[in-house]
Amino acid sequence: MTRKELGKLYHQASVCTERLALPLRSQVWRGMAGEFQGAGTGSSIDFQDHRAYVPGDDPRHINWQAYARTGSYSMKLYREEVRPVIDIILDASESMFFETEKAARTAELFYFAVISAVQAGAATRLHILRGEHYQELPMDAVHTHLWFEKIKTKTTNTPSAALALDRVPMRGNAIRVLISDLLFEGDPSPPLKLLTHQQGKAILLAPFLASEAHPEWEGNYEFIDAEISSRHSHRVEKSTLRHYHRAYAEHFTRWHSTALRFSAPLARVSANQDLLTALNEEAVSTGALVIS
């Protein structure tokens with residue numbers, strides 16, 4: 001995709017952030033000053049508790065109404081205001097960019113997550129993962145659309161290998177947004193454990209094509225393994241197609257059930273609709289996004 005094309009996708013994602021947003025208020029934050037509620041005490045307007053006065057305390061926080069009743073000084077405690085922490089992890093596997101429509105949807109989801117995080121004033125880090133190859137992406141690479149060139153670095157991946165999420169330096173108490181088609185083999189539990197460790201909250205946005213979810217193959221085909229660019233000739237019978245449909249459905253049934261167990265909202269996002277329509281299909285109902 002050209003920078004001009006990426007610019008159009010950025011604009012479309014930006015328009016969607018006027019209607020939908022990441023569910024940042026579902027997390028209890030600790031850390032830097034900002035606009036969201038934290039787990040400590042500070043100076044926000046949300047009253048949390050009180051305690052006895054200690055010499056040196058700020059007299060502005062004395063509960064004078066309680067003093068009038070009891071004659072004892074006590075301090076009002078307020079919930080601290082902190083910046084949300086967001087780690088956005090983009091699966092840069094070939095399967096995410098092999099087809100034009102899916103590549104465009106992947107880019108839109110990435111832009112949407114970044115714009116939504118920035119608009120919320122979040123402490124945001126961007127991570128690119130392609131098999132075992134990891135790189136942190138500078139924010140300016142998004143605005144200049146250079147990120148797309150960075151992810152096209154060729155690597156030697158094992159076909160359908162799970163993402164090496166253990167290589168990503170995820171921060172504690174963060175929302176981890178994983179943008180991935182989830183088309184890798186194995187039990188979904190290990191990656192979800194990594195995404196939710198250290199009190200993290202995982203959100204999964206999974207782009208897909210109707211042609212991969214419900215293909216209508218019949219006859220002789222040459223299949224291409226997107227990850228290693230190998231070609232394989234096969235004859236597809238009706239029984240073969242039924243087996244594929246069943247395996248595909250079971251794969252995502254496992255992901256949905258495991259994600260539910262980890263309280264990690266998973267939304268599959270079609271690449272065959274406009275972005276806002278596709279996001280409204282599952283993202284809001286599953287809690288992956290909220291109406292802004």
> For the residue pair Arg25 and Trp64, what label-to-label distance in nm results when each label sits 7 Å from Cα along the Cα-to-beta-carbon direction?
Replying inline: 3.1
>> Can you compute 3J(HN,Hα) from phi for each residue in segment 4-15, using the Karplus curve 6.51 cos²θ - 1.76 cosθ + 1.60 with θ = phi - 60°, rounded to whole Hz and x for Gly and Pro?
In response: 5, 5, 5, x, 5, 5, 4, 4, 4, 5, 4, 4
> What is the distance in Å between the Cα centres of segment 87-142 and segment 51-70?
Replying inline: 49
>> Between Glu212 and Asp187, what is the label-point separation in nm under the 7 Å Cα-to-beta-carbon projection?
In response: 2.5
> How much length is gained if the chain between Tyr73 and Thr2 is pulled fully straight, taking 0.36 nm per residue apart and subtracting their Cα-Cα distance, in nm to one decimal?
Replying inline: 19.0 nm
> Here are some pairs, Lys4/Lys201; Lys8/Lys201; Lys8/Lys102; Lys102/Lys238; which of them have Cα atoms lying more than 23 Å apart in this structure?
Replying inline: Lys4/Lys201; Lys8/Lys201; Lys102/Lys238
>> Explain nothing, just compute: Karplus ³J(HN,Hα) = 6.51 cos²θ - 1.76 cosθ + 1.60, θ = phi - 60°, for every residue of segment 240-254 in order, whole Hz, x for Gly and Pro.
In response: 5, 5, 4, 5, 4, 4, 5, 5, 5, 5, 5, 4, 7, 5, 4
> What FRET efficiency do you get for Arg261 and Ile291 if R0 is 25 Å and r is their Cβ-Cβ distance, rounded to the nearest 0.05?
Replying inline: 0.45
>> Suppose R0 equals 30 Å. What FRET efficiency, 1/(1 + (r/R0)^6) with r the Cβ-Cβ distance, do Thr144 and Gln198 give to the nearest 0.05?
In response: 0.40
>> Just to check I understand the Karplus step: with θ = phi - 60° and J = 6.51 cos²θ - 1.76 cosθ + 1.60, what whole-Hz values come out for segment 134-145, glycine and proline as x?
In response: 10, 8, 8, 9, x, 4, 5, 5, 6, 5, 8, 6
>> Suppose the chain between Gln135 and Ala249 were pulled fully straight at 0.36 nm per residue; how much longer would it get relative to their current alpha carbon spacing?
In response: 37.9 nm
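Bear in mind these aren't lab numbers, they're just calculated from the coordinates by the rules spelled out. Just so it is clear, the structure is predicted and the values come from calculations on it, not from any experiment. All Cβ positions, even for glycine, are placed from backbone atoms using ideal geometry, and neighbour counts span all protein chains on display.
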